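The values are calculated or read from the model by the stated rules, or taken from the named source; none is laboratory data. Keep in mind it's a predicted model, so treat the numbers as computed, not measured. Here the Cβ positions follow ideal geometry from the backbone for every residue, glycine too, while neighbour counts run over all protein chains shown.
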Amino acid sequence: MWHHATIRGIICNLTYTDVLRSGESRSKVLPHLQIIEPELFEAAQRIRTNRANAAEKERTVPRNIGGQSLLSGNVFCGHCGARLTLTTSGKAYPCKDDPRRVIKRVRYICYGKTRKQTDCDGQTGYTAHILDGIIDKMVRQIFERMKAIPKSEIVNTRYREKMEERKRLLQSVRAEHVKAAVELDMLKAEVIKALRGESAFSKDLLGSMVSEAEAKCTELQKQFEAAQAAYEEGQTVLSSLEAQYDDIISWADMYDSASLEAKKMIVKCLIKRVEVCRDYKLHIDFNIDFEQFNGGLDIVTFAA
């Protein structure tokens, strides 16, 4: 039996990501030493942090992936905001074939209402298989609709237009900055001529013109850096969208044949928070902004 500290040490071992460490010191990236990808390592750290006791109030990651429910840690009462916890009860229903038959009843119950910690006007509990069925159906719909989007059309038209606008702004500011820099160099060359007595302009006039040109260059440099950052940010968003698309498609391929434990983690990756109201009306916060994808998957509210 492994000690929990040993397991934590393995999960937190930065060396597996191709970086050597000694105390606070870190080596440069050494690709030939990489055992796992840095993205996978960071994902494991996020899950570990979310499962810590210190994150109990904000926790949306299942602390235990066992059990008979699809949701764990990320389901809340839509009336008082308290966390819904899983409870199991059994009732005897003897029959001819099985005199000892017991039917289990699995429910999500509002912890705040049952413990009288909140003034909740919602239901005390929600049948697990009904709520899980709604979530399962929604997840399958998301996967079906995402599969229908070609990767080449992953970003909607509005996003592409925005990126083109950023690109045009970057090119325009770059051209203005280059032009201003050339003019500044010409003025500085004229100053040298003035010092030799070869210029038609006075030193005071040239000094004033150089100061104005330098201020203009400085301002254009700031604008260029801002435009460059905005364009690079857009490229990063595009790469992130493509990575999210790949993740969703991989989850879609494995979801049907996955175990309940695996489905629970897939749902956790998709859904940040589920709020349940009377009659199983749901409000869902996703970890992924589906509106960024072409087709605008506007999936926010569901009802049974």
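Details
- Test: residue in segment 194-201 that is in a helix (DSSP H, G or I) and modelled with pLDDT of 90 or more: no
- The single condition from (1) closer than 23 Å to Ala258 by Cα; (2) touching a Gly at 6+ places or on another chain (Cβ under 8 Å) that Ala128 fails is (2).
- Inclusion of Leu195 among residues that are more than 30 Å from Val274 (Cβ to Cβ), hydrophobic (A, V, I, L, M, F, W, C) and surrounded by 13 or more Cβ atoms within 10 Å (Cβ to Cβ) is not warranted.
- Checklist (1) over 30 Å from Asp289 (Cβ atoms); (2) part of a helix (DSSP H, G or I); (3) in contact with a helix residue (DSSP H, G or I) (Cβ under 6 Å, 6 or more places away or on another chain) applied to Gln223, failing item: (1)
- Answer residue from segment 34-77, given it is assigned to a loop (DSSP other than H, G, I, E, B) and hydrophobic (A, V, I, L, M, F, W, C) and is modelled with the lowest pLDDT among those: Val61
- Lys222 satisfies every condition listed in (1) within 29 Å of the chain's Cα centre (by Cα); (2) free of Cβ contacts under 8 Å to residues at least 60 places away in the same chain except (1).
So that you can scan it fast, the table gives a plain yes or no per residue for (1) under 16 Å from Ile142 (Cα atoms); (2) out of contact with any Pro (no Cβ under 8 Å at 6 or more places or on another chain); (3) surrounded by 15 or more Cβ atoms within 10 Å (Cβ to Cβ):
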residue: Leu205; (1), (2), (3): no, yes, no
residue: Ser211; (1), (2), (3): no, yes, no
residue: Leu220; (1), (2), (3): no, yes, yes
residue: Cys269; (1), (2), (3): yes, yes, yes
residue: Val276; (1), (2), (3): no, yes, yes
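- Inclusion of Lys216 among residues that are surrounded by 14 or more Cβ atoms within 10 Å (Cβ to Cβ), more than 22 Å from the chain's Cα centre (by Cα) and charged (D, E, K, R) is warranted.
- The condition (being in a helix (DSSP H, G or I) and surrounded by 13 or more Cβ atoms within 10 Å (Cβ to Cβ)) is satisfied by just one residue among Ala175, Ala181, Ala189: Ala181.
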